[in-house]
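All of the numbers you see were taken from the coordinates with simple rules; none came from a lab. These figures come from a predicted structure and were not determined experimentally. Cβ sites come from the backbone with ideal geometry, for glycine too, and all protein chains shown count toward neighbours.
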Amino acid sequence: MRIFAISDVHVDYPENMTRMQTLSGALYSRDTLLLAGDVSDDLARLARVLEGVREKFAHVFFVPGNHELWIRRGEAGDSTAKFRQVLRLCARLAVATGPTKVTSGPDDPGAWVVPLFSWYVKPEQGATSLFVPRDGDDASLSMWADNVRTRWPEGMSVTDHFLDMNEPHLDRHYDAPVISFSHFLPRKELMFGLSAAAAPSRPARAKRFNFSRVAGSTRLEAQIRALGSVLHVFGHQHRNRDRVIDGLRYVSNCLGYPREHARGELGGAHRNPKLVWDTRSAGG
């Protein structure tokens, strides 16, 4: 059993949709895909991608990212309703959104794949934020589309709402290695390098976006550790990572925006799903 991962495919860009639609129909036929969010906020495009990869992989897992929960002008309901729509779509297409064991046969120990729903904590929302101060930080997040394209019930703690959904999975008995994945980040080290001491220092200039304000939550990291994961896949930041921290491997493989590829910003970019686990070698 081989497990591949990709995130942030953003198929609203035609070239990204073409890449996802032209994945090999034979290469992955016995394999598993972890699709870690940010496909599209358009449910028709999301369905097209999920249908396509479901035809090419033996198993497909998905967690929504922030883009999936955007509410466009004229759409009814809020982002929690959009989340439920996405889960219903996944169920209809046989795309897994809950813990499932994958194996290639009786002689293969396989692995448990555990999708983790998540969101981010802004620095003003509490100590579980992944915020790291940065010169020229735009505290208003004026460029951040979630501020205008997500809609939540009044008074809701959005991050706790999603992380609470994971709690029943933490106390289960898993009889094979656990591979978890989320859209959002679980720890600071995955943003700025191997040290979480500070973001890179740059000359002061006009206010600019500080990703760490909307990166993730340390509570997600606590859930990953409680699961006993041996590998965690994530997305969201459009920067690729493959690191072992405190005995746990973290992998991010983002397709990202075409302009990011043109500027060489993703780092070690795999423009196709990345092999992250192979039961023949007990790991990636």
Order by neighbour count: 175, 137, fewest other Cβ atoms within 10 Å first, most last.
-> 175, 137
Taking amide hydrogens as modeled 1.01 Å from N in the peptide plane, which residues meet the under 5 Å criterion relative to residue 184, leaving out close sequence neighbours?
-> 235
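How many percent of Cα pairs in the stretch 17-175 exceed 28 Å?
Values: 4044 of 12561 pairs.
Everything past 28 Å amounts to 32 percent.
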Fully extended contour minus Cα-Cα distance, from residue 225 to residue 147, at 0.36 nm per residue = 25.0 nm
Residue by residue, what Karplus-based ³J(HN,Hα) values in Hz, rounded to whole numbers, does the stretch 108-114 have, using 6.51, -1.76 and 1.60 with θ = phi - 60° and x for Gly and Pro?
-> 9, x, x, 7, 8, 9, 10
Karplus (6.51, -1.76, 1.60) ³J(HN,Hα), θ = phi - 60°, over the stretch 223-236, in Hz, Gly and Pro reported as x | 5, 4, 5, 5, 5, x, 4, 9, 8, 10, 9, 9, x, 6
Which GluC sites (Glu not before Pro) from the stretch 74-158 combine a DSSP loop assignment with at most 16 other Cβ atoms within 10 Å?
-> 75, 154
Those residues of the stretch 81-101 whose amide nitrogen sits under 18 Å from the label point placed on residue 172, 7 Å along Cα→Cβ | 87-88, 90-92, 94-101
Proximal lysines relative to residue 82, as straight alpha-carbon distance under 23 Å, when same-chain residues fewer than 8 apart are discounted = 122
Can you give me the relative contact order of the chain as a percent, contacts being Cα pairs under 8 Å and 6 or more apart?
-> 24
What FRET efficiency do you get for residue 91 and residue 245 if R0 is 30 Å and r is their Cβ-Cβ distance, rounded to the nearest 0.05?
-> 0.35
